[in-house]
1. Roughly what angle does helix 19-39 make with the longest principal axis of the chain, taking Cα atoms, 0 to 90 degrees, to the nearest 10?
2. From largest accessible area down, sort Asp46, Asp59; use a 1.4 Å probe on the protein chains.
3. Under 5 Å between amide H atoms, partner at least 5 residues away or on a different chain: which partners does His42 have, H built in plane at 1.01 Å?
4. Go through Val61, Val54, Val1 and list them by solvent-accessible area, largest first, probe radius 1.4 Å.
5. Please give me, ordered by residue number, the trypsin sites (Lys or Arg not before Pro) of the stretch 28-57 that lie in loop per DSSP and have at most 14 other Cβ atoms within 10 Å.
6. Tell me the per residue accessible area of the chain using a 1.4 Å probe; a whole number in Å² is fine.
7. Which ³J(HN,Hα) values, rounded to whole Hz and listed in residue order, are derived for the stretch 3-9 from phi using the Karplus coefficients 6.51, -1.76 and 1.60 in 6.51 cos²θ - 1.76 cosθ + 1.60 with θ = phi - 60°, glycine and proline given as x?
8. If you roll a 1.4 angstrom probe over the protein chains with everything in place, what fraction of the accessible area of the chain belongs to carbon and sulfur, to the nearest %?
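The values are calculated or read from the model by the stated rules, or taken from the named source; none is laboratory data. Quick caveat: nothing in here was measured; it's all calculated off a predicted structure. As a convention, Cβ positions derive from the backbone with ideal geometry for all residues, glycine included, and neighbour counts pool all protein chains shown. Note: accessible area is taken over every heavy atom of the protein model, side chains too, but ligands, DNA and RNA are not part of it. Shrake-Rupley method; radii C 1.70, N 1.55, O 1.52, S 1.80 Å.
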Amino acid sequence: VEGGSLANRIYTNPPTMFGMQRSFAIWQKALTGLEFIHSKKHMHLDIKSSNILVSENLDVVKLSDFGTAKELK
């Protein structure tokens, strides 16, 4: 995703650059992704800002690093 991780975006920009509404939208999209993963009987197990990728304009949010993910039975 062009734009990089949420952690990098926060580190390189002032925390107020996103604003409350945009921050909420980013987390809502990340949580929607988690909800989808859970519906497929998987757990990510490593959610952190460096594993959340955001596009340059902050409209696309994707989860990454499924190395520790587990399948639920």
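1. It is inclined by approximately 10 degrees.
2. If we order Asp46, Asp59 from most to least accessible, we get Asp59, Asp46.
3. Hits under the 5 Å cutoff: Leu72.
4. Working: Val61 25, Val54 0, Val1 75 Å².
The most accessible residue leads, giving Val1, Val61, Val54.
5. In loop regions of the stretch 28-57 (DSSP not H, G, I, E or B), the sparsely surrounded trypsin sites (Lys or Arg not before Pro) are Lys40, Lys41, Lys48.
6. Per residue, the chain has 71 Å² of solvent-accessible surface.
7. Result, rounded to whole Hz: x, x, 7, 4, 4, 5, 5.
8. Numbers: 2990 of 5160 Å².
Answer for the chain is 58 percent, counting heavy atoms of protein chains only.
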